[in-house]
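Notes for the one structure printed next.
The values are calculated or read from the model by the stated rules, or taken from the named source; none is laboratory data. The shown structure was predicted, so the numbers you read here are calculated from the model rather than taken from an experiment. Neighbour counts are summed over all protein chains in view; Cβ atoms, including those assigned to glycine, are modelled from backbone coordinates with ideal geometry. Just the protein is used for accessible areas: all its heavy atoms, side chains included, with ligands, DNA and RNA removed. Shrake-Rupley method; radii C 1.70, N 1.55, O 1.52, S 1.80 Å.
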Amino acid sequence: MTRPDVIVCAGGGGVGKTTTSAAIALAVARTGRRVLIVSLDPARRLADALGVAVGTEAKALSVDAGEGTVFGLMPDPRDSLGTFAELLFEQESAALERLRENRIYRALEAAVPGVHELAAIGLTWRAVEEHSIDAVVIDTAPSRNAVDFIGQPGRLAKLLRGRAVAWLSSIGQQANVQSTAAKMGRIESLLVRVIGPAVRDVAALFTELS
């Protein structure tokens, strides 16, 4: 598959990022290309800028795109972790159900920084493959660090491969076997006593994600 061109519109609030993104997407589509416009802005103004409904699934929009096509995608930040989990476990339904039942996961559903961007990247790539997209236009959130989302997948991978995750997982595994509890180090034993039964949920969460 040919990789699409990517155009990112970034800047502070009220500078016209969304309007510019919509205009660029239409202009590129009118050259006969298939364009995907993605909004990471929690204000969700993309639909107003284009004058049509834009949802959480990439769909062709009823706009004047000449010989080309404009697809729109506006991920919902309120369900970002759920969306990301579905993408991550797309081929593993049993693992997804275990994750959804995990008490730690449910507590984190609205509190994981960067997960909205991760979910948006996953949905964008899926749309690129499904619709043979030639160009992607991204309307970022109003922030000085708006393009930081580009590095989010790498940062997550580094976290999940790190020593801390392996350590937490090993604690949970040992905590599940009483006969090995005595073999834990002082820090591990203290953590198990402080967290209590929730240590199993912590271990299960990181083991599934890894």
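Round to a whole number: what % of the accessible area of segment 5-58 belongs to carbon and sulfur, probe 1.4 Å? Walk me through the numbers before you get to the answer.
On the way: 1310 of 2570 Å².
The value for segment 5-58 is 51 percent carbon and sulfur by accessible area.
Using a 1.4 angstrom probe with every protein chain in place, what is the largest-first accessible-area order of Asp134, Asp76, Asp139, Asp5?
On the way: Asp134 60, Asp76 35, Asp139 0, Asp5 80 Å².
So the residues, ranked largest to smallest area, are Asp5, Asp134, Asp76, Asp139.
Per residue, what accessible area does segment 12-64 have, given a 1.4 Å probe and all protein chains present, in Å²?
Solvent-accessible surface per residue comes out at 50 Å².
Between segment 75-99 and segment 1-40, what is the C-alpha centre distance in whole Å?
27 Å
How many nm separate the modelled label positions at Leu87 and Thr19, each set 7 Å beyond the Cα in the direction of the Cβ?
3.0 nm
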